[in-house]
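The values are calculated or read from the model by the stated rules, or taken from the named source; none is laboratory data. Since we're looking at a predicted model, the values are computed, not measured. Positions of Cβ are generated from backbone atoms using ideal geometry, with glycine treated the same way; all protein chains shown enter the neighbour counts. Quick note on the areas: whole protein, heavy atoms, side chains included, nothing else; ligands and nucleic acids left out. Shrake-Rupley method; radii C 1.70, N 1.55, O 1.52, S 1.80 Å.
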Amino acid sequence: MQFSYVNPTQIHFGQGQIKAIASAIPTEQKVLVIYGGGSIKRNGVYDQVSQALTNHQWTEFSGVEPNPTKETLDKAVAIVKEQGIDFILAVGGGSVIDGSKYVAAAAKYQGDGWDIMVGKHHVTSAVPLAAILTLPATGSESNMGAVITKAETHDKLPFMTPHVQPKFAVMDPDVMKTLPEKQLINGLVDAWVHVCEQYLTVQHGAMVQDGYAETLLKNLKTLADQFEQRDSDQWRANLMWTANQALNGLIGAGVAQDWATHMIGHEFTALWGVDHARSLAIVQPSLLRNQFAVKKAKLEQMGLNVFGLEPSDNLAEETIKAIEAFYQSLGVDVQFSGYEGDKQHAVDSVINQLEQHGMVALGENQAIDLNQSRKILELAIA
Ligand code: NZQ
Ligand code: ZN
């Protein structure tokens, strides 16, 4: 184990916390509030934000779409540059927060913001930003990552820099009351896979990282089993906090990480618009079967400690089946059939995308080359 770890995002958690932004953002700063398609206008979050910013000078940018695009976000970049914005407040789910991170970094750069995504520009500064989370899933509210799409070319790429880590995040579980069931399920699944990407690798004996990862997985399993209680304060608060902890850097510190499911899943979203979480449930079981030999010990550990399975020769495979059953219990597909034309063409399309994006050595051992990805896709695509 060897790592440097800090998570500098201050968390304001609990009901009524949106008003904390009044003092968390210095009043002399000119604020740009960025949000999505308008859910915050319908559920009272926008009103709470306006109320809290009474003593600030602020303006707004709306219309950030799910799987946020560079094309839309560049309009916000122009506003930040033209109006001398000092602080960005993202109000939404992962898409709005990720999009705001792109805006924050691109606004400090004279060239095309997409250069950040392709590694042509190295981010050295960003406009300070914070988040009011409305959809627990991605962990974006307190991490340094973002995933942005270029609609023109169907590219969906991640970038990471400490400069876009939110200064603070407001997490009021009450905002979840208006979430469609589908988005609650996406949140459970995305957070689940985030833990798996940092846990289902090799046996490394890091007791804190493994033990906490197992706790988070058990929480998500329990919340899925208790899905009929989703209208309770306790259920909402537990999902919100669990999803945050799943990707705030802690359980991944100093241990191997995978992320191949995410990188392959992103291509399903870029090509066919599959919801992020659902792309992961499509890829992961097949990927685990493909990487069975190297992941066997950890799958067995997960079977025992998360699912409470009995030791047996088939334990690792039983664990993969239990993961599939977890997704299916939520009505989430574990294979993809939403393509047009024949299966071979669908597989080839994903492979082409992976190749173009340099995703040719994925996973904790960089062992998933295009040949392995092809085998995974043959299983994952129906
Ligand atoms: O746009 P609005 O009107 O706000 O509607 C949104 C959107 O349609 C709606 N919604 C959000 N909060 C709501 C609400 N509707 C009613 N009530 C509320 N309280 O939900 C829809 C989906 O929102 P979105 O932000 O797209 O979902 P999510 O949070 O799942 O974010 C997905 C994006 O995050 C990226 C994904 O790739 C995807 O682009 N990820 C970011 C990560 C990170 N930064 O660390 C890691 C993840 O692995 C992921 O890749
Ligand atoms: Zn994810």
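Judged by the gyration tensor of its Cα atoms, with axes a ≥ b ≥ c, region 228-313 is oblate; a/c meets the 1.5 cut and b/c is at least as large as a/b. Counting heavy atoms of the protein chains alone, GLU65 has an accessible area of about 50 Å² for a 1.4 Å probe. Here the simple spin-label model places points 7 Å from the Cα toward Cβ, and for LYS19 and ASP231 these points are separated by 2.7 nm.
Computed over every Cα-Cα pair of region 291-379 and binned at 10 Å starting from 0, the pair-distance distribution P(r) comes out as 15, 33, 36, 15, 1 percent. Given +1 at the Cβ of Lys and Arg, -1 at the Cβ of Asp and Glu and no other charges, the dipole of region 11-94 around its Cα centre is 160 debye to the nearest 20. Roughly speaking, what is the centre-to-centre gap between region 170-241 and region 1-60 when only Cα atoms are used, to the nearest Å? Here the answer is 23 Å between Cα centres. Phi-derived couplings, Karplus 6.51 cos²θ - 1.76 cosθ + 1.60 at θ = phi - 60°, listed residue by residue for region 19-25: 5, 4, 5, 4, 9, 6, 9 Hz, with x used for Gly and Pro.
For the chain, the residue among VAL347, SER125, ILE25 whose Cα projects farthest onto the positive side of the dipole built from Cβ charges is ILE25.
The distance between label points at ASP348 and SER50 comes to 5.4 nm (points 7 Å beyond Cα on the Cα→Cβ vector). Taking θ as phi - 60° and the Karplus parameters 6.51, -1.76 and 1.60, the scalar couplings of region 259-267 work out to 6, 5, 4, 5, 5, 6, x, 3, 5 Hz in sequence order, x denoting glycine and proline.
Axis of helix 94-106 versus longest Cα principal axis of the chain: the two differ by about 60°, to the nearest ten degrees.
Let me make sure I get this right: for the chain, a, b and c are the square roots of the gyration tensor eigenvalues over alpha carbons, sorted descending. Under 1.5 in a/c it's rounded, otherwise prolate if a/b > b/c, else oblate. Which is it? Because a/c hits 1.5 or more and a/b exceeds b/c, the chain counts as prolate. Expressed as a whole percent, the accessible surface of the chain that belongs to carbon and sulfur atoms is 49, based on a 1.4 Å probe.
Excluding ligands, DNA and RNA, the accessible surface per residue across the chain is 41 Å² with a 1.4 Å probe. Computed from the Cβ-Cβ distance with R0 of 22 Å, the FRET efficiency linking LYS218 to MET1 stands at 0.45. Can you tell me how region 143-301 classifies by the Cα gyration tensor, rounded, prolate or oblate, using a/c under 1.5 as the rounded cut? Rounded shape, in that the Cα axes give a/c under 1.5. If you take the Cα centroid of region 310-370 and the Cα centroid of region 274-308, the two points sit 9 Å apart.
Database remark: amide H of ILE132 closer than 5 angstrom to the amide H of ALA90, VAL91, GLY92, VAL170 (H placed geometrically; neighbours at sequence offset of 5 or more, or on other chains; Pro and chain starts carry no H). From the residues ALA90, ALA78, ASN43, which one has its Cα farthest along the dipole of region 1-105 in the positive direction, the dipole being from +1 and -1 charges on Cβ of Lys/Arg and Asp/Glu about the Cα centre? Value: ASN43. Expressed to the nearest 5 percent, the antiparallel share of DSSP beta bridges inside the chain is 25 percent.
The stretch between GLU82 and ASP112, if pulled fully straight at 0.36 nm per residue, gains 9.2 nm over its current Cα-Cα span.
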